[in-house]
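Notes follow the structure.
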Amino acid sequence: MKCPPIRKLAIVSDDAELAARLSCVFKRPGYYLPILDGPRMARPDGSSEAVRRNNAIAKAGVTKIALADLTAEQHDAMTNLLPSKSILTTTSHDLNEVLRERPPPSVLKWGRNNIGVGLLTALRGNQLLEFIDGAETRNAELKGREHLVVCEAGEPLSEVIAANYAFALDADLLIISEVDKDAAEGLTEELYSLYDLHGQSATDSLVQLAKRVRELCPAVVPPDGGGITFFTSHIPYGFGFPEVPSTHLKVYPDLGVSVLNGLAAGNADTTGVRFAVLVDPGQTPAPEVKAVAQSLAKRRVFVRGYPWKTANVRDITNTVELFPYDFLLFATHCGDTDGYRFTYEFNDSSGQTRRLVVDTAIGVARTNDPDMLNVMQFQRFHELDGVSWSDPKKSEKIEVGTAVKDFVELNQAKELEPVERELIPRVLGSAALKLADHNYIAMPRELADHGSPVIFNNACASWHQLSGRFMFAGARAYIGTLFPVTGTEAAQVAEFFVEHDEGIPLAEALWRAQNKTYDQSQMRRPYVMTGVYPQNLHVFQDDVPSYIQRRLESALDSWNEHTSQSDFEKKLIAEIRDYYRSEIDWFKQKWGKNTSKRQTRRAKRKKRLFLR
């Protein structure tokens with residue numbers, strides 16, 4: 001299966017029905033029409049929301065952007081970044097006026113449920129979709145195609161994206177019931193704690209858990225010889241269907257951005273795997289690092305290893321976010337760490353007194369200043385005004401209002417101090433990666449210098465939290481584990497995965513790697529993939545050192561143009577500039593242009609594998 005080409009027009013909207021109707025207007029068979037939700041301006045990082053969408057649009061080569069029924073604030077945030085000639089502003093009224101003048105050849109009347117199936121039916125029937133209360137609907141468009149798209153209900157816009165994805169892939173589509181968040185978290189917690197369960201063996205537990213996953217989607221029938229893409233809120237459905245290759249896409253947040261990043265990376269002529277980074281801090285046996293390094297080097301990929309003390313929080317944080325790699329492997333321990341429970345009291349924007357309890361885990365990194373450490377915090381809201389943050393009826397008991405936004409702003413301005421403190425043994429969801437010097441709290445702002453890399457995380461139980469964080473930061477694919485794995489099986493799966501035929505989709509490569517590693521009769525399939533299905537690990541062979549050096553120099557030029565206001569920002573930007581200068585100097589010394597062409601070619605053959 002190949003990545004479908006991408007339409008040069010994208011739709012940005014929070015109105016699922018309008019996005020569906022516009023999809024009918026702008027469709028093109030065999031092409032993917034990008035649909036993105038509007039930037040969430042109520043978030044403290046609202047401006048970053050617009051930047052992420054702009055970056056995804058730019059990387060995909062989209063030249064026209066339809067801003068459909070966005071708020072004035074959303075519209076301004078997007079238009080401030082986009083070329084004015086590329087913007088189309090439209091509303092439901094505008095569309096209706098156009099259709100009155102130029103009526104469509106046929107109209108499909110559809111109810112307000114299962115709108116993804118209605119859209120796919122209309123797209124294939126060359127019809128316009130019209131939503132009517134009480135009109136007939138169905139939950140599937142099944143014709144026995146090779147690929148099946150399964151979308152969990154609950155986010156209407158995700159169904160629109162899933163339908164456009166299925167249309168581009170010529171796939172079937174099935175809408176399944178939304179899974180209660182508490183039930184989903186309970187199931188993933190059982191996978192996470194597989195070897196802590198008492199009363200039955202791990203094997204029996206896996207069988208029961210796989211059965212429960214299948215019971216959540218009884219209508220799913222795996223296609224013979226095909227694969228499945230699951231659009232899911234929390235559940236790793238592919239674990240329950242080991243008989244076929246599968247992948248997952250999180251329906252929230254930024255589903256449209258994740259799909260676009262993956263398909264754009266799979267389509268671009270200049271996109272491929274040139275450079276791999278392997279991280280092994282020595283916290284757990286990791287024979288897979290050597291095996292993967294040798295396999296990638298044989299395929300002409302440049303490999304940089306960070307072993308032992310070089311795998312420290314500072315260097316890995318910088319590499320993950322700033323270095324232009326294409327493939328990243330983590331081989332270490334992952335788990336929720338201990339931390340603190342802080343209680344804050346403050347007045348929100350409306351003047352109401354709020355009491356917010358926040359669980360906090362930290363990771364610590366060195367800086368250029370020997371008297372200063374860089375602290376990364378993972379915060380999980382535990383309670384607001386006496387009501388549990390995870391209470392499904394929270395909105396009925398309290399009005400959240402601007403409490404969270406106000407807390408973030410006050411906290412960033414250092415105007416808040418906790419009124420109560422306590423140590424807690426586990427900060428749920430912190431998913432800390434153990435590095436040589438401290439915990440790495442992986443919450444990257446970006447990946448690979450605004451790239452779209454493939455992340456392979458062999459850290460135990462790394463999929464639950466980290467897949468969402470890395471995909472949100474721009475990864476095109478994330479492969480992680482649902483429960484602990486041994487060093488031997490980790491090495492086998494990783495080596496088999498990177499050695500696959502590069503024309504095979506990543507999901508199929510992972511499926512084959514697990515089938516080679518585990519007995520077919522077992523339910524032990526710990527690895528799960530997130531990302532679009534039709535993408536592969538194509539090795540791009542060119543003058544890699546020169547390419548990397550150009551990327552580093554371009555990034556440094558960009559950071560040199562940054563201006564900052566606060567002392568903290570100035571120090572942060574200064575460290576980033578120092579990082580790029582150091583890397584540029586290293587590449588110049590290692591691959592300097594003064595070397596003769598013959599020596600350079602010989603060096604490139606011998607030094608595809610090197611350590612930092």
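For the reader, a short list of remarks on this structure follows.
- Under the convention that each Lys and Arg Cβ holds +1 and each Asp and Glu Cβ holds -1, the size of the dipole of the chain around its Cα centre is about 3260 debye.
- Dipole magnitude (debye, nearest 20) for region 6-140, charges at Cβ of Lys, Arg, Asp, Glu: 720 debye
- Rg/Rg_globular for region 1-154, with Rg_globular taken as 2.2 N^0.38 Å and Rg from C-alpha atoms: 1.09
- Backbone N within region 295-330 under 20 Å of label point (7 Å from GLN541 Cα along the Cβ vector): 295-304, 326-327
- For the peptides 325-332, 144-151, the ranking by packing is 325-332, 144-151, with the highest mean count of neighbouring Cβ atoms within 10 Å listed first.
- Filter on LYS181/LYS394; LYS250/LYS434; LYS309/LYS434; LYS181/LYS397 - keep pairs with C-alpha separation over 20 Å: LYS250/LYS434
- Using C-alpha pairs under 8 Å with a sequence gap of at least 6, the mean separation divided by the residue count of region 298-443 gives a relative contact order of 35 percent.
- Taking 0.36 nm per residue of sequence separation and removing the Cα-Cα distance, the TRP308/LYS290 pair yields an extension gain of 5.1 nm.
- Each of TYR252, ALA10, VAL427 was scored by the projection of its Cα onto the charge dipole of the chain, and the greatest displacement toward the positive side belongs to ALA10; charges sit on the C-beta of Lys, Arg, Asp and Glu.
- When each of TYR252, TYR192 is scored by the number of other beta-carbon atoms lying within 10 Å, the sequence from fewest to most is TYR252, TYR192.
- If a spin label sat at a point 7 angstrom from the Cα of ARG421 along the line to its beta carbon, the backbone N atoms of region 343-365 nearer than 14 Å would be those of 343-344, 360-362.
- Between the amide H of ALA66 and those of ALA10, ILE11, VAL12, LEU88, distances stay under 5 Å, these residues lying 5 or more places away or on another chain, with hydrogens modeled in the peptide plane.
- Nearby aspartates and glutamates by direct alpha-carbon distance to LYS27 (threshold 14 angstrom, same-chain neighbours under 8 apart not counted): ASP170
- Compared with the direct C-alpha span, the chain from ILE398 to LYS8 gains 135.9 nm at full extension, assuming 0.36 nm per residue.
- Among 295-301, 422-428, 161-167, 359-365, sorting by the average number of other beta carbon atoms lying within 10 angstrom of each residue, highest first, gives 161-167, 359-365, 295-301, 422-428.
- Region 102-246: relative contact order as a whole-number percent, Cα under 8 Å and 6+ apart: 24 percent
- For VAL207 and ILE132, the difference between the fully extended length at 0.36 nm per residue and the C-alpha to C-alpha distance is 22.6 nm.
- Counting all C-alpha pairs of region 381-488, share separated by more than 20 Å (%): 60 percent
- Pair-distance profile P(r), taking every C-alpha pair of the chain, with 10 angstrom steps and integer %: 3, 15, 26, 27, 19, 8, 1, 0
- Dividing the mean sequence gap of close Cα pairs (under 8 Å, 6+ apart) by how many residues the chain holds gives a relative contact order of 14 percent.
- Relative packing of 432-438, 116-122, 68-74, which averages over residues the other C-beta atoms within 10 Å, highest first: 116-122, 432-438, 68-74
- The label-point distance for LYS405 and ASP585, in a model that sets each label 7 Å from Cα toward Cβ, rounds to 4.5 nm.
- Hull shadow area, averaged, region 333-424 [alpha-carbon convex hull, nm²]: 7.8 nm²
- Electrostatic dipole magnitude of region 339-428 [Cβ: Lys, Arg +1; Asp, Glu -1; Cα centre; debye, to 20]: 340 debye
- Counting neighbouring Cβ atoms within 10 Å and putting the fewest first, the residues VAL279, VAL62 line up as VAL62, VAL279.
- Spacing of the two label points (7 Å from each Cα toward its C-beta) at SER349 and TRP559, in nm: 3.4 nm
- Where labels lie 7 Å past Cα in the beta-carbon direction, separation of VAL364 and ASP338 in nm: 1.4 nm
- Since only LEU416, HIS333, LEU206 are under comparison, the one whose Cα sits farthest along the positive direction of the charge dipole of the chain, derived from C-beta charges on Lys, Arg, Asp and Glu, is HIS333.
- Positive-end residue, the chain charge dipole about Cα centroid, Cβ charges, pick of GLN352, GLY363, ILE176: GLY363
- Note on LYS298: lysines with a C-alpha under 26 Å away, same-chain residues under 8 apart excluded, are LYS2, LYS290, LYS516, LYS588, LYS590, LYS593, LYS597, LYS604, LYS606, LYS607.
- Summed side-chain charge close to LYS85 - residues other than LYS85 whose Cβ falls under 15 Å, Lys, Arg +1, Asp, Glu -1: +2
Where a number appears in this text, it was derived from the coordinates with a stated rule and is not lab data. Fair warning: this is a prediction, and the values are worked out from it, not measured in the lab. Every residue, glycine among them, receives a Cβ derived from its backbone with ideal geometry; neighbour counts consider all protein chains shown.
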